[in-house]
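In what follows, a single structure is set out as structure tokens and then discussed.
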Amino acid sequence: MYPNLYYALKDWFGISWNPLRFVNSFGMIVVISFFVAMWAVGAELRRKAKEGVLGYEEETVIIGMPPSLLNLLPDFLFGFLFGYKFIGIFFSASGNSQDYILSLAGSWPAGLVLGLAYAGLKWYEVYKQKLPEPVEKTVRVWPHDRIGTLAFLAAIFGFGGAKIFNSLENWDDFVREPFQSLFSFSGLTFYGGLICAALAIWWYAKRHHIPFWQLNDAAAPGLMIAYAVGRIGCQVSGDGDWGIPNSAYLSRADGKVFRATANEFQNTMQQNQAYVEYVFGSEGNVRHYSVHAPSFLPDWLFAYPYPHNVNDIGLRLFGCTGEHCAYLPLPVFPTPIYETIAGTLIFFLLWSLRKRLPIPGTLFSLYLILNGIERFFIEQIRVNTRYNVFGLKPTQAELIALALVIGGAACYILLSRKAKTLP
């Protein structure tokens, strides 16, 4: 596992550069997933605009105004924060990226220099367009011109919603450490982020007269590929979004797995009772399946011990010193890999169908159905908090997945029927 870029370059090239510890692998891949989603959504919005499906909104702007403090302040703040925190990383003696980012530590000189540099570039850009007499101009703003704002809303509300839903799902952890639960970099619930981000984007789209269902259809493939890419971050960092144990295998202290008997699996559970209760609950309630990997596939695809996982869960690796030296004694199904594969396949399916489903909203409805089905089945082998609902014990994700399937099917039927009644 590679909790941060330091471990990746050390493993691949033997490079031990301490500042790389601050480049969190999960966060880096999440950023990549956002850029991939922005590309997919932007491409679809442009296509729909060319086909005349989406229109523009006229806005009045003032051209030729001299630079003002209001123009320069956002750029200065962005540059200052970037320099203060991220350039300051190279001058920090701390070894924990999360503690550093969430602290007040940083480099004042780097922040001021970069802040003034960004503000200076903005001043020069505005000054070049200065006119003796500023004039008003009406410009056309297309939906794809707003992709940056849509991505910003998705990031802010998506992250906030993911943290809030994760805290609700793990209520005991939230009550015990509320600040850590809400502001740590681990512990994100995808559906919480999806719901909160969708509400924010719906409000923004309504405000700017962007057709709701057309925007949803344009976003559907992008949402799916962002999810698939984001799960790579879960796998690479070992953030705890893994499956239940595969009792056909056990782990060694060097982070490798080997085939085991049922008795050996039970004995290992008993020998590591404290770990088992911490991760899976009481020993007697540990769900597990025994599945041997086919000869043409590697064992780790069915049983993975997540060595060097970012949360330091499990037993200590032999010969490892420092942080991130844990591995899981009971190897688990690497569900993030399965979700990356499933999400990528669903993306290509949605991308191939985007021109064949002309009724607005039907592509997004199909996305909801496929997304819900994928998540519902993956929950059968995932570790998650279970609730007691009328004698059943579903997870939060299972309940939301069922709601997505039912809601997606209902939307597809209603939108199709509505389209048939139109002249």
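The values are calculated or read from the model by the stated rules, or taken from the named source; none is laboratory data. Computed from a predicted structure; not experimentally measured. Every residue, glycine among them, receives a Cβ derived from its backbone with ideal geometry; neighbour counts consider all protein chains shown.
Every test in (1) of a type in the set (Asp, Glu); (2) farther than 19 Å from residue 8 by Cα; (3) out of contact with any helix residue (DSSP H, G or I) (no Cβ under 9 Å at 6 or more places or on another chain) is passed by residue 277 save one, and that test is (3). Looking at (1) surrounded by fewer than 19 Cβ atoms within 10 Å (Cβ to Cβ); (2) modelled with pLDDT of 95 or more, find the lone condition where residue 390 falls short. (2) is the only condition that residue 390 fails.
Within segment 229-240, if we keep just the residues that are buried (at least 23 other Cβ atoms within 10 Å of the Cβ) and not in a helix (DSSP H, G or I), the residue that is nearest to the chain's Cα centre (by Cα) turns out to be 239.
So that you can scan it fast, the table gives a plain yes or no per residue for (1) in contact with a strand residue (DSSP E or B) (Cβ under 9 Å, 6 or more places away or on another chain); (2) modelled with pLDDT of 95 or more; (3) assigned by TED's automatic domain parsing to the domain that holds residue 279; (4) not in a helix (DSSP H, G or I):
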{"position": "370", "(1), (2), (3), (4)": "no, yes, no, no"}
{"position": "379", "(1), (2), (3), (4)": "yes, no, no, no"}
{"position": "402", "(1), (2), (3), (4)": "no, no, no, no"}
{"position": "410", "(1), (2), (3), (4)": "no, yes, no, no"}
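Counting only helices (runs of 4 or more DSSP H) that sit wholly inside segment 112-207, those with at least 2 residues that are among the charged types (D, E, K, R), modelled with pLDDT of 85 or more and over 18 Å from residue 226 (Cα atoms) are 190-207.
For segment 213-268, a tally of residues being at positive phi and in contact with a Phe, Trp or Tyr (Cβ under 7 Å, 6 or more places away or on another chain) returns 2.
Answer yes or no as to whether residue 345 is under 20 Å from residue 228 (Cβ atoms) and either assigned by TED's automatic domain parsing to the domain that holds residue 47 or surrounded by 14 or more Cβ atoms within 10 Å (Cβ to Cβ) (or both). Quick ask: steps written out before the conclusion?
Working: under 20 Å from residue 228 (Cβ atoms): yes; either assigned by TED's automatic domain parsing to the domain that holds residue 47 or surrounded by 14 or more Cβ atoms within 10 Å (Cβ to Cβ) (or both): yes.
Yes: the conditions hold for residue 345.
Applying the condition of being surrounded by 13 or more Cβ atoms within 10 Å (Cβ to Cβ) and either of a type in the set (D, E, K, R) or touching a Lys or Arg at 6+ places or on another chain (Cβ under 7 Å) (or both) to segment 119-144 and asking which residue is farthest from residue 82 (Cα to Cα) yields 144.
Residue count for segment 36-76, restricted to those that are of a type in the set (Ser, Thr, Tyr) and either at pLDDT 90 or above or surrounded by 12 or more Cβ atoms within 10 Å (Cβ to Cβ) (or both): 1. The conditions of being charged (D, E, K, R), in a loop (DSSP other than H, G, I, E, B), surrounded by 22 or more Cβ atoms within 10 Å (Cβ to Cβ) and touching a Pro at 6+ places or on another chain (Cβ under 9 Å) are not met by residue 254.
Is it true that residue 320 is surrounded by fewer than 19 Cβ atoms within 10 Å (Cβ to Cβ), in contact with a strand residue (DSSP E or B) (Cβ under 7 Å, 6 or more places away or on another chain) and over 20 Å from residue 372 (Cα atoms)? Step through it out loud before you land on a result.
Details: surrounded by fewer than 19 Cβ atoms within 10 Å (Cβ to Cβ): yes; in contact with a strand residue (DSSP E or B) (Cβ under 7 Å, 6 or more places away or on another chain): no; over 20 Å from residue 372 (Cα atoms): yes.
Judged against the criteria, residue 320 is not a match.
Scoring residue 213 on the criteria (1) modelled with pLDDT of 90 or more; (2) out of contact with any helix residue (DSSP H, G or I) (no Cβ under 9 Å at 6 or more places or on another chain); (3) aromatic (Phe, Trp, Tyr) leaves a single failure, condition (2).
The residue that is surrounded by the most Cβ atoms within 10 Å (Cβ to Cβ), counting only those in segment 14-35 that are of a type in the set (Ser, Thr, Tyr) and within 16 Å of the chain's Cα centre (by Cα), is 25. For segment 21-44, the criterion of being in a helix (DSSP H, G or I), without any contact (Cβ under 8 Å) to a residue 12 or more places away in the chain, of a type outside the set (Gly, Ala, Ser) and outside the structural domain of residue 358 (by TED's automatic domain parsing) is met by none of the residues. Residue 330 fulfils the conditions (1) outside any helix (DSSP H, G or I); (2) over 24 Å from residue 396 (Cβ atoms) except for a single criterion, (2).
Can you spot a residue in segment 261-277 that is in a loop (DSSP other than H, G, I, E, B), surrounded by fewer than 20 Cβ atoms within 10 Å (Cβ to Cβ) and free of Cβ contacts under 8 Å to residues at least 12 places away in the same chain? Talk me through it step by step, then tell me what you get.
First, pick out the residues of segment 261-277 that are in a loop (DSSP other than H, G, I, E, B): 261, 272.
Then drop every residue that is not surrounded by fewer than 20 Cβ atoms within 10 Å (Cβ to Cβ), which leaves 261, 272.
From what's left, free of Cβ contacts under 8 Å to residues at least 12 places away in the same chain: 261.
Yes, because at least one residue in segment 261-277 is in a loop (DSSP other than H, G, I, E, B), surrounded by fewer than 20 Cβ atoms within 10 Å (Cβ to Cβ) and free of Cβ contacts under 8 Å to residues at least 12 places away in the same chain.
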